[in-house]
1. Please work out whether the chain counts as rounded, prolate or oblate from its C-alpha gyration tensor, where a ≥ b ≥ c are the square roots of the eigenvalues and a/c under 1.5 means rounded, while otherwise a/b larger than b/c means prolate and anything else oblate?
2. In the chain, carbon and sulfur make up what percent of the accessible area (probe 1.4 Å)?
3. With θ set to phi - 60°, apply the Karplus curve 6.51 cos²θ - 1.76 cosθ + 1.60 along segment 138-150 and write out the HN-Hα couplings as whole Hz, x wherever there is a Gly or Pro.
4. Could you run the Karplus curve 6.51 cos²θ - 1.76 cosθ + 1.60 with θ = phi - 60° over segment 111-117 and give me ³J(HN,Hα) per residue in whole Hz, x for Gly and Pro?
5. Taking just the alpha carbons, could you work out the radius of gyration and Dmax for segment 1-80, both in angstroms?
6. Apply the a/c threshold of 1.5 to the C-alpha gyration tensor of segment 44-104 and tell me whether it is rounded, prolate or oblate.
7. 222 nm [θ] for the chain, helices only, -39500 (n - 2.57) per DSSP H run of 4+, per residue, to 500?
8. Using a Gaussian network for the chain with springs between C-alpha atoms less than 10 Å apart, which of these wobbles most: Arg64, Arg90, Arg157?
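The values are calculated or read from the model by the stated rules, or taken from the named source; none is laboratory data. None of these values were measured; they are calculated from a predicted model. Virtual Cβ from ideal backbone geometry, glycine too; neighbours counted across all protein chains shown. These area figures cover heavy atoms from the full protein model, side chains too; ligands, DNA and RNA do not enter into them. Shrake-Rupley method; radii C 1.70, N 1.55, O 1.52, S 1.80 Å.
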Amino acid sequence: MVTVKVNLKLGDSNQSVEATLLDAAPRHVTSFQQDWKPMLRQFSQEDKYWDWAFKQQSADNHDRYECYAIEADGQMQGLMMLETQWHKSRMRANQPLVFVDAISAAPWNRVQVVRPPRFRRVGSVLLEFARTRSEALGYEGRVGLESLPGAEGFYERLNMIRFEPEIDPYVDDELPLAYFEYPPRRRRNR
(Lines give C-alpha, C1' and ligand atoms only; values in the text may rest on other atoms or scores of the structure.)
Protein backbone atom coordinates (compact mmCIF):
# COMPACT_ATOMS: atom_id res chain seq x y z
CA MET A 1 0.00 0.00 0.00
CA VAL A 2 1.52 3.27 -1.14
CA THR A 3 0.88 6.61 0.57
CA VAL A 4 3.47 9.30 -0.12
CA LYS A 5 3.31 13.00 0.67
CA VAL A 6 4.23 15.12 -2.36
CA ASN A 7 4.15 18.81 -3.22
CA LEU A 8 2.18 20.44 -6.00
CA LYS A 9 2.18 24.14 -6.85
CA LEU A 10 -0.86 26.40 -6.95
CA GLY A 11 -1.32 27.54 -10.53
CA ASP A 12 -1.93 31.20 -9.77
CA SER A 13 0.67 31.80 -7.04
CA ASN A 14 3.20 28.95 -7.36
CA GLN A 15 2.75 28.35 -3.63
CA SER A 16 3.54 24.80 -2.46
CA VAL A 17 0.57 22.61 -1.51
CA GLU A 18 0.87 19.23 0.14
CA ALA A 19 -0.79 16.38 -1.73
CA THR A 20 -0.92 12.61 -1.34
CA LEU A 21 0.18 10.07 -3.93
CA LEU A 22 -1.50 6.73 -3.27
CA ASP A 23 -2.64 3.50 -4.85
CA ALA A 24 -5.56 4.20 -7.16
CA ALA A 25 -8.90 2.90 -5.90
CA PRO A 26 -12.39 2.49 -7.37
CA ARG A 27 -13.32 5.99 -6.16
CA HIS A 28 -10.62 7.42 -8.44
CA VAL A 29 -12.08 5.62 -11.45
CA THR A 30 -15.51 6.98 -10.54
CA SER A 31 -14.06 10.48 -10.25
CA PHE A 32 -12.44 10.13 -13.67
CA GLN A 33 -15.76 9.06 -15.21
CA GLN A 34 -17.93 11.65 -13.47
CA ASP A 35 -15.65 14.66 -12.95
CA TRP A 36 -12.95 14.46 -15.60
CA LYS A 37 -14.42 12.80 -18.66
CA PRO A 38 -17.07 15.45 -19.48
CA MET A 39 -14.41 18.19 -19.38
CA LEU A 40 -11.90 16.11 -21.36
CA ARG A 41 -14.50 15.66 -24.08
CA GLN A 42 -15.63 19.28 -23.99
CA PHE A 43 -12.05 20.48 -24.52
CA SER A 44 -11.13 17.68 -26.99
CA GLN A 45 -8.28 16.36 -24.87
CA GLU A 46 -6.34 13.43 -26.33
CA ASP A 47 -7.00 11.12 -23.37
CA LYS A 48 -10.78 11.63 -23.38
CA TYR A 49 -11.45 8.02 -24.39
CA TRP A 50 -9.11 6.31 -21.94
CA ASP A 51 -10.73 3.54 -19.96
CA TRP A 52 -9.42 3.88 -16.42
CA ALA A 53 -11.85 1.22 -15.17
CA PHE A 54 -10.09 -1.29 -17.45
CA LYS A 55 -6.68 0.00 -16.38
CA GLN A 56 -7.58 -0.32 -12.69
CA GLN A 57 -8.97 -3.82 -13.27
CA SER A 58 -5.70 -4.79 -15.01
CA ALA A 59 -3.72 -3.52 -12.01
CA ASP A 60 -5.98 -5.44 -9.63
CA ASN A 61 -5.58 -8.68 -11.59
CA HIS A 62 -1.94 -8.61 -12.79
CA ASP A 63 1.18 -8.06 -10.70
CA ARG A 64 2.99 -6.25 -13.50
CA TYR A 65 0.55 -3.31 -13.51
CA GLU A 66 0.25 -0.60 -10.87
CA CYS A 67 -2.13 2.38 -10.75
CA TYR A 68 -1.60 5.50 -8.68
CA ALA A 69 -3.52 8.70 -7.97
CA ILE A 70 -2.66 12.11 -6.53
CA GLU A 71 -5.17 13.78 -4.23
CA ALA A 72 -5.16 17.39 -3.03
CA ASP A 73 -7.89 19.56 -1.57
CA GLY A 74 -10.17 16.52 -1.29
CA GLN A 75 -10.07 15.84 -5.04
CA MET A 76 -8.16 13.60 -7.40
CA GLN A 77 -5.59 15.64 -9.34
CA GLY A 78 -3.80 12.99 -11.40
CA LEU A 79 -3.67 9.31 -12.40
CA MET A 80 -0.89 7.04 -13.63
CA MET A 81 -0.62 3.40 -14.68
CA LEU A 82 2.76 1.64 -14.72
CA GLU A 83 3.90 -1.64 -16.22
CA THR A 84 6.87 -2.94 -14.24
CA GLN A 85 8.02 -6.22 -15.78
CA TRP A 86 7.84 -6.53 -19.56
CA HIS A 87 9.41 -3.46 -21.12
CA LYS A 88 13.06 -2.94 -22.01
CA SER A 89 15.13 0.18 -22.43
CA ARG A 90 15.90 1.54 -25.87
CA MET A 91 18.86 3.39 -24.42
CA ARG A 92 20.39 0.40 -22.66
CA ALA A 93 19.59 -2.75 -24.66
CA ASN A 94 17.83 -5.50 -22.71
CA GLN A 95 17.77 -3.51 -19.47
CA PRO A 96 14.37 -3.47 -17.75
CA LEU A 97 12.50 -0.28 -17.11
CA VAL A 98 9.22 0.95 -15.69
CA PHE A 99 6.87 1.77 -18.56
CA VAL A 100 4.27 4.49 -18.06
CA ASP A 101 1.23 2.97 -19.73
CA ALA A 102 -0.90 6.06 -19.03
CA ILE A 103 -0.52 9.34 -17.19
CA SER A 104 -3.20 11.99 -16.88
CA ALA A 105 -3.73 15.25 -15.00
CA ALA A 106 -7.18 16.47 -14.05
CA PRO A 107 -8.63 18.81 -16.69
CA TRP A 108 -8.53 21.80 -14.31
CA ASN A 109 -4.75 21.26 -14.01
CA ARG A 110 -4.12 21.71 -17.75
CA VAL A 111 -3.26 25.03 -19.37
CA GLN A 112 -5.15 23.90 -22.50
CA VAL A 113 -8.34 23.85 -20.39
CA VAL A 114 -7.92 26.42 -17.58
CA ARG A 115 -5.56 29.39 -17.26
CA PRO A 116 -4.05 29.41 -14.78
CA PRO A 117 -4.41 25.73 -13.93
CA ARG A 118 -5.52 24.91 -10.41
CA PHE A 119 -2.34 22.91 -9.66
CA ARG A 120 0.98 22.60 -11.46
CA ARG A 121 3.52 19.74 -11.36
CA VAL A 122 0.98 16.88 -11.28
CA GLY A 123 2.56 15.09 -14.25
CA SER A 124 6.14 15.70 -13.17
CA VAL A 125 5.40 14.45 -9.63
CA LEU A 126 3.84 11.29 -11.05
CA LEU A 127 6.85 10.74 -13.32
CA GLU A 128 9.24 11.30 -10.42
CA PHE A 129 7.37 8.58 -8.53
CA ALA A 130 7.73 6.27 -11.57
CA ARG A 131 11.51 6.84 -11.35
CA THR A 132 11.42 6.03 -7.64
CA ARG A 133 9.54 2.79 -8.40
CA SER A 134 12.13 1.99 -11.06
CA GLU A 135 14.92 2.40 -8.51
CA ALA A 136 13.06 0.26 -5.96
CA LEU A 137 12.80 -2.50 -8.57
CA GLY A 138 16.54 -2.30 -9.30
CA TYR A 139 16.08 -0.61 -12.71
CA GLU A 140 18.24 2.41 -11.79
CA GLY A 141 15.50 4.97 -12.46
CA ARG A 142 14.90 3.97 -16.09
CA VAL A 143 11.39 4.96 -17.19
CA GLY A 144 9.88 4.92 -20.68
CA LEU A 145 6.60 5.94 -22.27
CA GLU A 146 4.85 6.63 -25.54
CA SER A 147 3.60 10.19 -25.75
CA LEU A 148 0.34 11.54 -27.05
CA PRO A 149 1.24 14.21 -29.64
CA GLY A 150 0.06 17.09 -27.45
CA ALA A 151 2.29 16.03 -24.54
CA GLU A 152 5.60 15.69 -26.42
CA GLY A 153 6.79 19.17 -25.40
CA PHE A 154 6.10 18.36 -21.75
CA TYR A 155 8.39 15.30 -21.84
CA GLU A 156 11.05 17.24 -23.72
CA ARG A 157 10.98 19.95 -21.01
CA LEU A 158 11.56 17.20 -18.43
CA ASN A 159 14.73 16.22 -20.33
CA MET A 160 13.46 12.81 -21.35
CA ILE A 161 15.27 11.44 -24.40
CA ARG A 162 13.07 11.20 -27.50
CA PHE A 163 13.13 8.23 -29.86
CA GLU A 164 11.22 7.98 -33.09
CA PRO A 165 8.25 5.61 -33.03
CA GLU A 166 8.88 1.98 -33.82
CA ILE A 167 6.61 0.90 -36.63
CA ASP A 168 5.15 -2.57 -36.11
CA PRO A 169 3.91 -3.95 -39.45
CA TYR A 170 1.46 -6.18 -37.58
CA VAL A 171 -0.22 -3.34 -35.70
CA ASP A 172 -2.47 -0.97 -37.61
CA ASP A 173 -1.70 2.27 -35.76
CA GLU A 174 -3.05 5.34 -37.48
CA LEU A 175 -0.52 7.51 -35.70
CA PRO A 176 2.59 5.90 -34.19
CA LEU A 177 3.54 7.64 -30.96
CA ALA A 178 6.94 9.11 -30.13
CA TYR A 179 8.78 7.23 -27.40
CA PHE A 180 10.52 8.99 -24.51
CA GLU A 181 12.85 7.54 -21.92
CA TYR A 182 14.64 8.67 -18.79
CA PRO A 183 18.18 7.29 -18.62
CA PRO A 184 19.42 5.61 -15.45
CA ARG A 185 20.10 7.98 -12.61
CA ARG A 186 23.69 8.75 -11.87
CA ARG A 187 24.92 7.37 -8.63
CA ARG A 188 26.12 9.96 -6.19
CA ASN A 189 29.55 9.58 -4.64
CA ARG A 190 29.29 9.18 -0.92
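1. Taking the square roots of the gyration eigenvalues as a ≥ b ≥ c, the chain is rounded.
2. Ligands and nucleic acids excluded, carbon and sulfur reach 46 percent.
3. x, 9, 6, x, 5, 9, x, 6, 9, 9, 5, x, x
4. Result, rounded to whole Hz: 5, 6, 10, 9, 10, x, x.
5. Reported Rg and Dmax, both Å: 13.6, 41.
6. prolate
7. Calculated from helices alone, the mean residue ellipticity at 222 nm is -6500 deg cm²/dmol.
8. Of Arg64, Arg90, Arg157, the Gaussian network model singles out Arg157 as fluctuating most.
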